[in-house]
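What follows is a short report on a single structure.
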Amino acid sequence: MAQRLPILLFALVMAAIPFVPGIPPFWIVLLDNIGLAALVAMGLVILTGVGGLTSFGQAAFCGFGAYTTAILTTSYGLSPWLSLPAALVVSGIAAVILGLMTVRLSGHYLPLGTIAWGISLFYLFSKLELTGRNDGISSIPPLAIGAFEMRNPNAIYFAIWLAVVLAALITVNLLDSRMGRAIRALRRGHIAAESFGVQTAQAKLLVFIYAAVLAGLSGWLYAHFQRAVNPTPFGPHAGIEYLFVAVLGGAGHVWGAVLGAGIVTMLKEALQSYLPLLFKNETQFEIVVFGILLVALLQLAPNGLWPRLLALLPFKPRGPQPQTAPALPARAHDTASTGPLLRIEKARKQFGGVVAVNDVSFEVGTREIVALIGPNGAGKSTTFNLVTGVLTTTSGRISILGQDTTDTPPQKVVRLGVARTFQHVKLVPDMTVLENVAIGAHLRGHAGAIASMLRLDRGDEAKLLAEAARQIARVGLTDQMHQLAGSLSLGQQRIVEIARALCADPILLLLDEPAAGLRHQEKQQLAGLLRQLRDGGMSVLLVEHDMGFVMNLAERIVVLDFGTRIAEGTPETVRSNPDVIRAYLGGAA
Amino acid sequence: MDTTILLFLLQDGITNGAIYALLGLGLVLVFAVTRVILIPQGEFVTFGALTYAALAVGKVPGTARLGVILGLVALAFDLFAARNKLTVRTVARSAVVYAGLPLAILGIADAIANPQNPPALNFLLSLVIVAPIGLYLYRIVYQPIAHASVLVLLIASVGVHLALQGLGLVFFGPEGLRGPPISETAVTLGVLRISGQSLGIYAITLTLIVALWLFFGRTLYGKALRATAVNRLGARLVGIRTSLSGQLAFLLAAVIGAVSGILIVPVTTIYYDTGFLIGLKGFVAAIIGGLVSYPLTAIAAVLVGIVEAFSSFYASNYKEVIVFTLLLPVLVLRSLAAPAVEEDHE
């Protein structure tokens, strides 16, 4: 509720503005334009700020929305209300096609790709007979409800801002959900999210389509606001400006889109009105000053203005709260099978000429704690990555409960009940501990994006958060549950990763250096927890450098050196093995 | 198809492609050293072309004044950034590079601007006027945010592009300009008449490709510049002056842009906003080359030029659509070839 109250308040204020006596009609026009830009920027907030996908091409999606309704209402006499779904669907389909081609691109290729198709589509709009070439399409009918026609800026104002408020509500709902957490995890790399079953490619495509549909909605409104369309507002410069709006407002914050749209629209207006006074005949300083301001703002506030405003608030906005909810169904444990839980046979991984893992074989049984040790660079983490499907094997075979999982993608491995932590912590720093841990339960929830937007996911969501809270309590971090993950100490972040892994209800837990950065007391607690998990039926495979910790905890130890298994056995036998001593202490020992 | 038309289109495509190759090289160079995606490369083209055209009619171009203004702003930035450790030597160095140099250039331009000047002199003077603009831009815009993400740098580039394009309009007006060719000679090869101008374009492009390739692949300093892009901190720790290498890259990019502009302004009318589109075609080539390979970029650029020449003959309305859509299959291939190897780029 805490996130929805401001939206209600905002809606009331916006609804009241046109009724303020003596408000200049020109302000309403300005507000109309702000609303239109805010809609597009809101899509970019999700796409770029949250999902980490930069697009310079959003203006082209506005174009799809605007031209669709322009053509359908003028050439085919369709009602604007009927062309609305068509406009959204056309923008969405365009996004699917372009998204399939571009969202898989990593790094800077994606923004460059969006510039390319942004320009390409702009020229297409300005050359096609269907879209009226450079002249565009005019005499588009106004929006109308019965006899009430929204011909003036005052009337369409309500349609525009209703759309903005609804979009904000839906966006906030989406972000605060199972799919929302998956989207928010994208920006920090794929591996952690995929290890808990998130289909990252699908999640990226989803935000891409969502942003395009919002832009299409803005285009549809624009067409009926201006009652005419031409290619200029859908060109590459407009696309750049939308991204600027989102970055200025604070990409990553829904309200940053509205703030950014307000500032940029008013700034442009002010530049257009006042600059000619400063520079007598030079009319084109507007764009120069605009460019300079853009650069200056990036240097002064690279994270945008909204976070700065938030920091001024006397209270901090709270993240989602767990409520009591029925427990999630536990995994059906396969108690009948007697074979090993995990079997690695001659697994090999080569990076070019380097053999990181050299035909390593070992097994992990049920209810067993096995440690994988070895000097730095011995191939321990690489072995983890092979087991969890993050890396593909060069040769060899890996199976879980008798099922071959060699080169199975991480999303499938976690379904079999294998959950892991990472040597380099992979949490989303600007999400709370609770939200981070809930990502672990991704596969145990079912609510999709649309259900989340419409808030139909609450039952599912409550169960997930309750489960996350339970696992946080289990690892003893209840007091930190509502803090941002990035604010915790590194040792605590490792424990959060364990809670996240437990949330997946695993039968095999892979822990990569869980005790690093913990104090003695905390290590004792961790060892206690792991024993308790084992007694509850879970197996643990851990990589650890703290020998005291390992020797006291593990039932069996596998030693790797330069990618090769050099010893395996109980802690006592491994401790006295001459090869192990040589690997750790050097040849002279 | 008529063989003559085919040959003409090929020749046209190769000539344009050579220009795109030059620009693509500049983009790769800047990206390799600074991680900046240099959208304003096109403005260097415009500035070079229009500065040359203005000098040809004996006018002192506005870009010379822009150099002075940017230089003074850069000087202020430099002195402010080093305010706690100023020495006479550093202040003198900054004053010479950021104030003395552009003022001297403006003075020279003022003194020798004359419609009777030989094209070669104007060519050199144009380069000297435009080149420092690149250096100062790096100092003012990019050096303070050199550690920022590629995205932030990219958006900053967009801001620079907007500002420079607006300034282009202020300096040179909305009408397009043409300049005199640097050389009037021509070679006849069968049905084709190859102008000295085109030959010059080929020669300069080839020389630059080979030079850059050798510089970055073979020399220690070139390798040091590449190291800067990969890891700024590491490069600084081993003694590479990262801000200097960034300034150098931008200086080179400005020179490359200006040379391209001067080479095409006798053939094509250049408007204040023409550069943007030309620069973006250089981009298409640079991206096809993966933003790393100079030879691949050059080959891709020639391909872009040829595709453009043919599409302007057969479907002139859709020329730009075809050229920019060309990028999409390339990007798809790239993404299929290298699936999701990213991690933690923030």
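Side notes on the structure shown:
- Between the amide H of B:Ser195 and those of B:Val187, distances stay under 5 Å, these residues lying 5 or more places away or on another chain, with hydrogens modeled in the peptide plane.
- A 1.4 Å probe over all protein chains sorts A:Arg575, A:Arg4, A:Arg519, B:Arg139 by accessible area into A:Arg519, A:Arg575, A:Arg4, B:Arg139, starting with the largest.
- Neighbourhood net charge (14 Å Cβ-Cβ; Lys/Arg +1, Asp/Glu -1) for A:Thr102: +3
- Label-reachable residues, the range A:223-261, where backbone N falls under 19 Å from a point 7 Å from A:Leu130's Cα toward its Cβ: A:223, A:229-232, A:234-235
- Among the trypsin sites (Lys or Arg not before Pro) within the range A:393-502, not one is in coil by DSSP while having at most 10 neighbouring Cβ atoms inside 10 Å.
- Rounded to the nearest 20 debye, the dipole magnitude of chain B is 1140 debye, with +1 charges on Lys and Arg beta carbons, -1 on Asp and Glu beta carbons, and the Cα centre as origin.
- Peptide ranges B:230-236, B:83-89 listed from the most packed, as the mean C-beta count within 10 angstrom indicates: B:230-236, B:83-89
- Each residue, B:Arg226 and B:Ala211, gets one label point 7 Å from its Cα in the Cβ direction; the gap between the two is 2.0 nm.
- Over the range A:515-587, accessible surface divided per residue gives 49 Å², non-protein components excluded, 1.4 Å probe.
- Kyte-Doolittle at least 1.0, axis length at least 20 Å by Cα - qualifying DSSP helices, chain B: B:3-34, B:62-81, B:119-137, B:150-172, B:196-218, B:242-264, B:274-288, B:294-314
- Rolled with a 1.4 Å probe across the full set of protein chains, the surface gives A:Trp27 an accessible area near 140 Å².
- Paramagnetic reach from A:Ile17 (point 7 Å along Cα→Cβ, amide N under 20 Å) across the range A:292-314: A:305-307, A:309-310
- Amide H contacts of A:Leu401 (H built 1.01 Å from N, under 5 Å, at least 5 apart or other chain): A:Leu342, A:Arg343
- Residues A:Lys349, B:Lys59, ordered by accessible area of protein heavy atoms at a 1.4 angstrom probe radius and largest first, appear as B:Lys59, A:Lys349.
- FRET efficiency estimate (nearest 0.05) - Cβ-Cβ, B:Leu244 to B:Ile112, R0 30 angstrom: 0.45
- Averaging the sequence gap over all C-alpha pairs within less than 8 Å and six or more residues apart, then dividing by the number of residues, gives the range A:342-585 a relative contact order of 28 percent.
- With the simple model of a label 7 Å out from the Cα in the direction of the Cβ, B:Leu336 to A:Val89 spans 3.0 nm.
- Electrostatic bookkeeping for A:Gly136 treats Lys and Arg as +1 and Asp and Glu as -1; over the other residues with beta carbon under 13 Å from its beta carbon, the sum is +1.
- Virtual spin-label span in nm between A:Arg397 and A:Met547, 7 Å along Cα→Cβ: 3.6
- Over the residues of chain B, the helix contribution to mean residue ellipticity at 222 nm works out to -23500 deg cm²/dmol, using -39500 (n - 2.57) for each DSSP H run of at least 4.
- Rounded to the nearest 10 degrees, the angle from helix A:285-300 to the longest Cα principal axis of chain A is 20 degrees.
- Take every DSSP beta bridge whose two residues both sit in the range A:398-547; close to 25 percent of them are antiparallel.
- For B:Thr269, solvent-accessible area (1.4 Å; no DNA, RNA or ligand), Å²: 40
- Area of A:Asp135 that stays accessible when all protein chains are in place (1.4 Å probe, Å², to 10): 140
- Remark: accessible surface ordering of B:Trp213, A:Trp220, A:Trp255 (largest first) is B:Trp213, A:Trp255, A:Trp220, probe radius 1.4 Å.
- Placing a label point 7 Å from the Cα of B:Ile69 along the Cα-to-Cβ direction, the residues of the range B:153-191 with a backbone N closer than 19 Å are B:157-175.
- Signed unit charges on C-beta, dipole axis of the range A:342-585, positive-most listed residue A:Gln480, A:Ser381, A:Val360: A:Val360
- Cβ-defined net charge surrounding B:Ile278, 14 Å radius [Lys, Arg +1; Asp, Glu -1]: -2
The values are calculated or read from the model by the stated rules, or taken from the named source; none is laboratory data. Since the structure is predicted, the reported quantities are computational estimates derived from the model, not experimental observations. Cβ atoms come from the backbone with ideal geometry, glycine included; neighbour counts cover every protein chain shown. Just the protein is used for accessible areas: all its heavy atoms, side chains included, with ligands, DNA and RNA removed. Shrake-Rupley method; radii C 1.70, N 1.55, O 1.52, S 1.80 Å.
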